[in-house]
Structure formats: C-alpha cells, structure tokens
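Notes to accompany the following structure.
The values are calculated or read from the model by the stated rules, or taken from the named source; none is laboratory data. Please read these numbers as outputs of a predicted model, since none were measured by experiment. All Cβ positions, even for glycine, are placed from backbone atoms using ideal geometry, and neighbour counts span all protein chains on display.
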Amino acid sequence: MQPENNRSRGIKDSFIRRFTQQSLGGYFGLKSYAKKTEDRELEGKLSMVEKYNSRIPELVERLYGCTEREAQHADFILGTVHKSKGLEFDTVVITDDFDKVPCAAHNLPRLSSCSGGDIPDDEWNLLYVAVTRAKSSLVITKNITNILTLAGEYFLRTELTSALLTEGQPPCCSVRECHNHIMPDWPLAMCKLPLQYMDSADDGGPMCGACVLQRIGPTASLLASPELLKVLPVTEERLNLPINYALLMALF
C-alpha cells in the first residue's frame with residue numbers, strides 16, 4: 001500500500017481525500033460511509049470504480065476525445081439529473097440509478113419480504129426532475145416504471161369504448177393471463193399507454209375493469225359502478241421479477 005500522502009495526490013474532492021487516511025479505512029471506509037448514509041450518488045460512483053477500475057483513465061480520455069462543446073451540435077448529451085434542472089430535451093433516456101422496486105405497486109403485497117414504500121423524498125424529487133425533462137419522448141427502465149406505480153402512475157388514459165370495438169366485438173384485456181373482455185356497454189374504457197424501455201417495449205392496450213380496479217382502486221368507478229367492477233373475475237398476473245430478487249424468493 002502506498003503512503004498516505006501519495007495516495008491522496010490527484011484526489012480533488014477534499015471530503016473523499018480524507019478517506020486516504022488509514023484511520024478512516026481507505027476505499028472500504030468510504031464505501032461503508034456511502035452505504036450507512038444512503039448516499040446514492042456516491043454509491044453510484046463507487047460502483048463505476050469497481051466495474052471499470054484501471055480502464056477509467058482510458059475511458060475518460062476517449063470521452064474527452066469525442067466531446068462536442070456546443071450542445072446544439074451534439075448527438076447525445078450525458079448528464080446528471082441535478083445538472084438537467086431547468087432544461088428540456090426532445091428525447092430523454094433515464095438510466096436505472098434509483099432504488100429498486102421488483103414489481104408494480106398492486107403486486108407488492110404478494111411479496112412478503114418487500115414493502116416497496118420506503119423511497120426517500122430526495123429520490124422522488126430527483127425522479128420527478130428526470131421524467132419531466134422530455135418534451136416528446138421518454139425512455140425509462142422497468143424499475144422506474146415500478147417506482148412510479150407507487151405514486152399511482154400506471155400510464156392509463158380513458159378512451160371511448162365504441163372506438164375500441166372491432167366489427168362490434170369488444171377487445172380482450174391487454175394484461176397477460178387475463179381473459180376478460182372490455183365491456184361493450186360501458187361508455188368508457190381504460191387503456192395503458194405504450195411504453196419504451198431501455199431494452200424492450202410494452203405495446204399497452206385496453207384493460208378490463210377488474211385489472212383497472214387492481215391498479216388505481218376507486219378511480220375505476222369512472223368506468224362502472226363498484227358493484228359491477230367487483231363481480232368481474234380477477235387475474236393474478238405472472239410476475240417477472242429481477243433475477244436477484246427471484247433467486248432470493250426461491251431460497252426463502
């Protein structure tokens with residue numbers, strides 16, 4: 001290990017530089033600090049250090065080599081949520097640097113070991129800034145979609161049922177495993193908007209009253225009376241959990 005005065009050279013951040021002192025535990029002390037204080041930004045930086053390690057100087061040099069100083073001439077703009085405040089872009093791609101929520105809010109009660117409701121306020125604030133930077137197109141991850149469902153956002157919109165009928169026949173619910181149909185005599189229906197994820201897409205489509213009730217609760221009464229909604233068969237959809245969470249569930 002290098003002497004403390006050598007290890008601190010080149011570290012511009014005075015706070016991080018303090019952790020070069022052996023008494024503070026070095027890198028592992030800094031990592032422990034980030035975890036205990038739930039400093040998500042610092043944890044993200046440390047994960048990048050661990051992933052790219054000795055390649056970081058080379059990668060930084062490559063980034064600087066293809067940098068366009070004038071934003072209007074750039075093909076892509078890489079930035080943090082903090083630095084994007086007050087700005088807008090035609091298309092925004094948000095990477096998955098937020099708390100992990102394994103599934104949508106209405107399915108969380110099926111996972112006994114996950115409350116899913118403990119998203120810190122600063123995370124909500126950052127996510128709000130991130131998703132409101134896009135003027136026309138927003139590309140997110142499935143995890144971010146799950147987080148937004150905790151706030152009741154399921155990307156639903158109302159449509160005239162008559163506009164959804166094909167040759168007078170009502171369409172089937174777009175939720176997987178659900179065999180209900182849209183009620184043709186209800187004036188309104190709920191449709192899920194199509195979503196573009198980082199690595200896949202969700203085509204969206206009409207949803208039956210039971211599936212709407214599962215997701216947005218009493219607001220589903222816009223479609224029909226609560227009595228009619230409650231008699232519809234309820235579908236328990238198959239969960240596609242993140243691999244790490246699925247393995248944990250299998251073990252316990």
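Restricting attention to region 20-54 and to residues that are outside any helix (DSSP H, G or I) and free of Cβ contacts under 8 Å to residues at least 12 places away in the same chain, the residue that is farthest from Asp122 (Cα to Cα) turns out to be Gly25. The listed residues are Gly152, Gly168, Gly205, and the only one of them that is surrounded by 15 or more Cβ atoms within 10 Å (Cβ to Cβ) and either out of contact with any helix residue (DSSP H, G or I) (no Cβ under 8 Å at 6 or more places or on another chain) or modelled with pLDDT of 90 or more (or both) turns out to be Gly205.
Residue selection: Gln196 fails the criterion of being at pLDDT 90 or above, under 30 Å from Glu123 (Cα atoms), polar (S, T, N, Q) and out of contact with any Gly (no Cβ under 7 Å at 6 or more places or on another chain). Counting only residues that are surrounded by 12 or more Cβ atoms within 10 Å (Cβ to Cβ) and on the phi > 0 side of the Ramachandran plot, region 7-35 holds 2 of them.
Yes/no matrix, rows are residues, columns are (1) farther than 25 Å from Asp199 by Cα; (2) polar (S, T, N, Q); (3) not assigned by TED's automatic domain parsing to the domain that holds Gly204:
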| position | (1), (2), (3) |
| --- | --- |
| Ala105 | no, no, yes |
| Asp122 | yes, no, yes |
| Val131 | no, no, yes |
| Ala134 | no, no, yes |
| Asn143 | no, yes, yes |
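The residues of region 125-135 that are over 13 Å from Thr95 (Cβ atoms), touching a residue at least 40 places away in the same chain (Cβ under 8 Å) and in a helix (DSSP H, G or I) amount to a single one, Val129. Look at region 89-110: where a residue is closer than 30 Å to Thr235 by Cβ and at pLDDT below 85 and a partner is in a loop (DSSP other than H, G, I, E, B) and β-branched (Val, Ile, Thr), sitting 6+ places away or on another chain with Cβ atoms under 6 Å, you get Asp96/Thr141; Asp99/Ile119.
Per-residue answers, yes or no, for (1) over 26 Å from Val139 (Cβ atoms); (2) within 29 Å of the chain's Cα centre (by Cα); (3) modelled with pLDDT under 85:
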{"site": "Met1", "(1), (2), (3)": "yes, no, yes"}
{"site": "Arg9", "(1), (2), (3)": "yes, no, yes"}
{"site": "Phe15", "(1), (2), (3)": "yes, no, yes"}
{"site": "Ser47", "(1), (2), (3)": "no, yes, no"}
{"site": "Ala71", "(1), (2), (3)": "no, yes, yes"}
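Every listed requirement among (1) surrounded by fewer than 13 Cβ atoms within 10 Å (Cβ to Cβ); (2) out of contact with any Pro (no Cβ under 9 Å at 6 or more places or on another chain); (3) among the acidic types (Asp, Glu) is met by Glu38 save one, (2).
One residue stands out among those in region 17-45 that are touching a Leu at 6+ places or on another chain (Cβ under 6 Å) and within 24 Å of Lys100 (Cβ to Cβ): the one that is modelled with the lowest pLDDT, which is Ala34.
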